[in-house]
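For reference, the structure is listed below as structure tokens.
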Amino acid sequence: MDSINRMAIELIDEAIDFAEELRVEPYELDSGATVLDFGVDSEGGVEAGMLLTEVQTAGLATVQTRMDDVAGAPTPHIELQTDHPALALLGSQKAGWELGFEDPPFDGLGSGPARALVAEEEEFHALSYFDEFDLTVLAVESIDLPDDRIAEHVAERAGVEPSGVFLPAYATGSTVGSVTAAARAAELALFRLFELGYDIRNVQSAFGSAPLAPVSYDESVAMARTNDAVAYGGEVHLTVAEDFEAFDRVPSTAGEEYGTPFEAIFEDAGWDFYEVPETVFAPAKVTIDVIDGPTHVLGETDEKLLAESFAYRQ
């Protein structure tokens with residue numbers, strides 16, 4: 001496999017070339033690092049969100065939109081497909097890099113192939129994958145744009161020069177935030193499998209779909225809606241090489257919290273993402289097709305809860 005950072009950089013070049021059409025604003029920091037505002041101060045849009053999802057998955061996934069409905073209301077959905085699920089989703093797309101700084105405060109989550117240059121997370125040991133490249137991309141989800149302090153931190157951890165760091169950034173409460181969150185349905189299914197002890201290298205292909213949550217500039221509302229979109233509307237199909245006794249624990253329906261809106265779940269956790277039980281971060285419905293074996297159909301969606309979360313008026 002070629003460097004996933006190299007593949008992501010090609011997509012970053014595309015974002016820079018078509019920044020005006022995508023409503024994205026790229027600019028250079030004093031350190032030489034490049035920030036691309038996909039949805040903090042910039043508008044962004046659905047196309048920008050789809051391109052950023054491709055960046056987050058290092059070009060190893062196909063992303064598209066379709067129209068469907070939620071509780072009878074026409075609603076856009078985001079679909080993602082990959083034949084390299086372990087590397088694309090857990091080795092790149094997963095938001096596994098916590099960015100927390102003080103004075104001045106900065107709080108964010110990093111996803112993308114820069115994680116593979118550090119490769120300290122357990123997933124990389126399971127994949128036996130470590131990337132090497134002189135340029136890198138870390139997508140930053142935050143209400144604030146990253147500055148030189150963030151860029152230099154990423155450069156030091158990733159082992160590259162600050163001028164080789166590219167930081168596409170967006171808020172959860174943005175169109176890009178809603179798009180990239182909906183595109184995580186398959187990733188969350190793989191993460192559940194990994195946490196349950198399944199060898200994720202056995203997953204040969206992954207399809208995921210989830211409704212596009214209406215944008216709210218209130219980050220708390222946005223966090224709740226985007227997570228509800230996957231936990232109560234996300235659907236995933238996986239093709240795997242080996243059966244597993246705990247497939248029934250993959251969908252969100254397996255968790256005790258199923259049926260509780262994320263607004264209430266986050267409130268109970270004091271809006272601390274890391275205090276929320278991991279079992280709630282999963283798609284609602286999962287089909288797992290075991291090659292030359294059984295096909296497990298698990299979970300269910302809850303369109304009524306989604307319509308309430310999305311504040312649909314009917």
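Just give me the residues in the range 278-306 being aliphatic (A, V, I, L, M), buried (at least 20 other Cβ atoms within 10 Å of the Cβ) and touching a residue at least 60 places away in the same chain (Cβ under 8 Å), in sequence order.
Within the range 278-306, Ala282, Val286, Leu305, Leu306 qualify.
Within the range 137-227, which strands (runs of 3 or more DSSP E) (wholly inside it) include 1 or more residues that are of a type in the set (Asp, Glu) and touching a residue at least 12 places away in the same chain (Cβ under 8 Å)?
In the range 137-227, the matching strands (runs of 3 or more DSSP E) lie at 139-141.
Collect the residues in the range 193-222 that are surrounded by fewer than 24 Cβ atoms within 10 Å (Cβ to Cβ), within 24 Å of Glu303 (Cα to Cα) and either charged (D, E, K, R) or touching a Phe, Trp or Tyr at 6+ places or on another chain (Cβ under 8 Å) (or both), keeping them in residue-number order.
Of everything in the range 193-222, those that are surrounded by fewer than 24 Cβ atoms within 10 Å (Cβ to Cβ), within 24 Å of Glu303 (Cα to Cα) and either charged (D, E, K, R) or touching a Phe, Trp or Tyr at 6+ places or on another chain (Cβ under 8 Å) (or both) turn out to be Pro214, Asp218, Glu219, Ser220.
Please tell me if Thr253 is surrounded by 19 or more Cβ atoms within 10 Å (Cβ to Cβ) and either touching a Leu at 6+ places or on another chain (Cβ under 6 Å) or not in a loop (DSSP other than H, G, I, E, B) (or both).
So Thr253 passes the test.
Buried (at least 22 other Cβ atoms within 10 Å of the Cβ) and more than 16 Å from Ser142 (Cα to Cα): which single residue out of Val35, Val55, Val24 fits that description?
Val55
Examine the range 239-250 for a residue that is surrounded by 15 or more Cβ atoms within 10 Å (Cβ to Cβ) and either part of a strand (DSSP E or B) or at positive phi (or both), and state whether such a residue exists.
yes
Given the condition more than 13 Å from Ala33 (Cβ to Cβ), among the β-branched types (Val, Ile, Thr) and surrounded by 16 or more Cβ atoms within 10 Å (Cβ to Cβ), answer yes or no: does some residue in the range 118-126 qualify?
Yes - at least one qualifying residue is present in the range 118-126.
Check every one of the strands (runs of 3 or more DSSP E) wholly within the range 14-129 and list those with 3 or more residues that are free of Cβ contacts under 8 Å to residues at least 60 places away in the same chain and over 22 Å from Glu156 (Cα atoms).
62-70
Read the figures in this text as sums done on the coordinates, not as results from a lab. Here the structure is a predicted model, which means the values were calculated and not measured. When we count neighbours, we look across all protein chains shown, and the Cβ atoms used for this are built from the backbone with ideal geometry, even at glycine.
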